[in-house]
Amino acid sequence: MTRPPLVLVHGLWDTPRLFDRLAASLQQACPEIELFRPHLPHRLGQVPLETLAGRLAGQIGARFGCDRGLDLFGFSMGGVIGRLWLQDHGGVERCRRFVCVGSPQQGTLVAQPMPRCWMAGIADMKVGSALLRRLDADADRLAPVACHSLYCPTDLMVLPGWRAVLPRGPREALPVLTHRQLMHHPRAIARLTELLLAP
């Protein structure tokens with residue numbers, strides 16, 4: 001069976017280069033894997049997440065067409081953007097596996113002070129935001145997708161760290177200390193590689 005391509009969605013204040021270490025690890029373990037790392041400029045958090053999800057949908061469509069199956073990985077804010085693509089743009093119909101890491105699926109207290117009029121994308125990640133409540137109300141749409149959440153218990157960006165989980169699927173704490181280490185620490189990279197390459 002041919003392995004589906006893997007789409008890697010970056011988070012706030014990041015670019016696709018965030019995934020350099022993970023991509024190298026994945027390609028070393030599985031040279032034939034096809035990786036796609038779309039760039040989603042967010043203007044420091046000003047762009048609403050629904051707008052970014054629409055841009056992600058456009059890039060996935062341009063790269064893979066409308067029907068090709070794929071796996072999806074989202075880091076931090078990228079995990080919420082990925083979830084929006086799944087639930088709002090028909091992604092659940094073509095996505096086999098969705099893995100999110102350090103992603104404020106239940107919001108983060110760090111975003112609470114941000115006014116929506118200035119920082120709409122960050123405000124979307126507030127605890128109890130209208131966006132997150134809407135996604136949770138429609139969470140059954142994720143049923144066809146194998147979901148997996150990983151988080152850092154001592155995360156200071158997604159605060160508290162245990163809120164960085166989807167409403168469906170297994171949840172796993174990674175043995176790292178900070179948000180950034182979720183994408184840079186060798187132990188995190190090793191576990192992510194194992195999970196993303198699982199049959």
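The values are calculated or read from the model by the stated rules, or taken from the named source; none is laboratory data. Model, not experiment: these values are computed from the prediction. Cβ atoms come from the backbone with ideal geometry, glycine included; neighbour counts cover every protein chain shown.
Computed quantities for the displayed model
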item	result
Lone unmet requirement of (1) modelled with pLDDT of 95 or more; (2) surrounded by fewer than 22 Cβ atoms within 10 Å (Cβ to Cβ) for Thr108	(2)
Single unsatisfied condition, Arg55 versus (1) charged (D, E, K, R); (2) over 18 Å from Leu192 (Cβ atoms); (3) surrounded by fewer than 17 Cβ atoms within 10 Å (Cβ to Cβ); (4) under 17 Å from the mean Cα position of the chain (by Cα)	(3)
Total residues in region 8-31, condition closer than 14 Å to Thr193 by Cα and either without any contact (Cβ under 8 Å) to a residue 24 or more places away in the chain or part of a loop (DSSP other than H, G, I, E, B) (or both)	7
Candidate set from region 132-151 (those that are surrounded by fewer than 20 Cβ atoms within 10 Å (Cβ to Cβ) and aliphatic (A, V, I, L, M)); member that is farthest from Gly61 (Cα to Cα)	Ala137
Residue satisfying all of: in region 85-97; out of contact with any strand residue (DSSP E or B) (no Cβ under 9 Å at 6 or more places or on another chain) and within 12 Å of Ala57 (Cβ to Cβ); surrounded by the most Cβ atoms within 10 Å (Cβ to Cβ) among these	Gln87
Looking only at region 119-139, and only at residues there that are of a type in the set (A, V, I, L, M, F, W, C), farther than 24 Å from Leu22 by Cβ and outside any helix (DSSP H, G or I), the one that is farthest from the chain's Cα centre (by Cα)	Met119
Close pairs (8 angstrom Cβ cut-off, 6 or more residues apart or separate chains): under 21 Å from Cys147 (Cβ atoms) in region 170-199, assigned to a loop (DSSP other than H, G, I, E, B) and charged (D, E, K, R) anywhere	His179/Asp155; Leu182/Asp155
Qualifying residue in region 161-168 (condition: of a type in the set (Gly, Ala, Ser), outside any strand (DSSP E or B), under 25 Å from Ile60 (Cβ atoms) and in contact (Cβ under 8 Å) with a residue 60 or more places away in the chain)	yes
Where His39 falls short, out of the listed (1) part of a loop (DSSP other than H, G, I, E, B); (2) in contact with a strand residue (DSSP E or B) (Cβ under 9 Å, 6 or more places away or on another chain)	(2)
Test: residue in region 73-84 that is outside any loop (DSSP other than H, G, I, E, B), surrounded by fewer than 17 Cβ atoms within 10 Å (Cβ to Cβ) and at pLDDT 95 or above	no
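Quick grid of which residues meet (1) under 14 Å from the mean Cα position of the chain (by Cα); (2) in a helix (DSSP H, G or I); (3) within 21 Å of Pro16 (Cβ to Cβ); (4) at pLDDT below 95:
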{"residue": "Ser103", "(1), (2), (3), (4)": "yes, no, yes, no"}
{"residue": "Cys117", "(1), (2), (3), (4)": "no, no, no, yes"}
{"residue": "Arg141", "(1), (2), (3), (4)": "no, yes, no, no"}
{"residue": "Leu192", "(1), (2), (3), (4)": "yes, yes, yes, no"}
